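The structure under discussion appears below in the form of structure tokens.
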């Protein structure tokens, strides 16, 4: 039989209830450790209640430390088992188990990081109205993940009609829609780059036509983009290094050329 902190303590040591409270475990856990021989109390009261002395408490501390590291009860028992000289497991045995546990923890951390990334990508996609799984986002967009600036976009434009319209449209798109949009977007950027490399003037008719096709693409897929709004977007291509890098990766100086072409097209429409 056994009791808790209120039991008689006519022997030396602490009763099981007090030890449980101090160690932050349940009385049932201490009973189990006793039953499997992992932590047998060093004393008993006259009534048969468990009493734990200082040696028992030190052993419990080690048990809980190993459990916190993720070792099973069987492994803890092996680590604390008396060796040939009466001590616990040898340093080599302990080191081998610690190394194995470290490897298991590293693998678990990597799995959790993968899960966390998938959860964050899904959350960001939902914020943007993209109803795709992380795998589908990867298949469609590759390394050009559209969700990476989701929080920033929501903060900067979340209250605008254009943002709300874009979200509403995006929610209706499936994987095939996003793939088609991306192909059109890439074709638009390629048209810009081809004209730029060929030496076309940004204010020329071909460049302005490419800019108009770009504006209509945005209107068709995301939100009603008038010429004034298109000017603002084009300004970001040279003001935000991330946009500049995107265009200039196709040809150095392309971002500034696109901005000028968009402005020229807006001037043409408004003249």
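Laboratory data are not the source of any read-out in this text; all were calculated from the coordinates shown. Here the structure is a predicted model, which means the values were calculated and not measured. Heads up, the Cβs are rebuilt from the backbone with ideal geometry, glycines too, and the neighbour counts pull from every protein chain shown.
Summary of computed values
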item	result
Extension reserve of the residue 62-residue 99 stretch, reckoned as 0.36 nm per residue once the Cα distance is removed	11.6 nm
Dmax and Rg, reported as Rg then Dmax, of region 154-206 (C-alpha, Å)	15.9, 41
Residue 226 paired with residue 109, simple spin-label distance in nm, labels 7 Å along Cα-to-beta-carbon	5.4
